[in-house]
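Structure, as structure tokens:
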Amino acid sequence: MIKNNDISTNSKFMIEEGFYILRFENNSSKTICQSHDIDSTYIQFHFCLKGNVDFLFNKDSYSFKVPEGNSILLYNPIRSLPIKLNLIKNSWVISVIISIKKFHSLFTMDAEQIHFLSPQNIKKKYYDNYIISPSMSIILSQIFNLNIHESMRALYLKGKVYEILSLYFNKSEEMDVEKCPFLVDEENVRKIRLAKEIILTKMSEPPTLSELSEEIGLNIKKLKEGFKEIYGDTVYGYLLDHKMEEARRMLSSKSYNVNEVGLKVGYSTSSHFIAAFKKKYGTTPKKYLMSLN
């Protein structure tokens, strides 16, 4: 581990040859610059768990911001992409670095599912940005708050990274707007986005579908169909994911107890909250808190 000061660290965890994790942490009140040399044979996955980070390229002439809850994938077989980033105050980043040879071996049977691995694209540069899902967030949090004996660390991290990659590439294909007459209607799209904002704002006491339909001026059938098309889930399925992610974030902050978190995300009884959290993440809120210590 390389320590820059008491509140900023840059850590590297080897998993195996050509496969490792970087953990960048800035708990200070100022921006910290971090860098890491890397050649063109590697694919980079960067996940911003907290705060904001600016990635710098081409001798700092170009920057790309990755805010909290977002990720970026980088691959350029033509030229090296050394990592240089500005960690804004109170920011955390997990980076997964894997050689293209190792990466390709993971998907040999399903390479067609990942289009930049196809023979015609293998020599082309590739970039992608993606919102971190709640399921990925909890795994990334476990990686960041690593608490396991050094002898088992590589095996543990390997399993966690495989989970992350499987979830990352399990994204549903983007909707073809030309094939979806509903999404062509920009006014309907605006109303669906408004519906999302309303349920998130009123997370603890969300409106019924009828109330939501009336508030945005769209019938229930179009609301349900449109929400599923745009966000890939039902209205309340999406809301539940958001509530669980907010609960996980609050627990991770260690500023609230389990009962307080449950109430804040809209559960009148702790038992209902605990059951929902366990169903989503496979562990109870209390055990999740314990895993952070």
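The numbers here are math on the coordinates, done by the rules we state, and not lab data. None of the values given here were measured: they were computed from a predicted structure. Backbone-built Cβ (ideal geometry, glycine too); neighbour counts: all protein chains shown.
Odds and ends about this structure:
- Long-range HN-HN contacts of N76 with modeled amide H, under 5 Å: Y126
- The stretch 237-292 shape via C-alpha gyration tensor axes, a/c threshold 1.5: rounded
- The length gained on full extension between R193 and S166, counted as 0.36 nm times the residue separation minus their Cα-Cα distance, comes to 6.9 nm.
- Using the Cβ-Cβ distance between S99 and T31 with R0 = 30 Å, the FRET efficiency computed as 1/(1 + (r/R0)^6) comes to roughly 0.45.
- Amide N proximity, the stretch 236-257 versus E68 label position 7 Å along Cα-to-Cβ, cut-off under 13 Å: 246-255
- Stretchable slack from S270 to S11, in nm (0.36 nm times residue separation minus alpha-carbon distance): 89.5 nm
- Label-to-label distance, N219 versus Y231, with points set 7 angstrom from Cα along the beta-carbon direction: 2.2 nm.
- Under 5 Å, built H, 5+ apart or other chain: amide partners of I132: N70, S71
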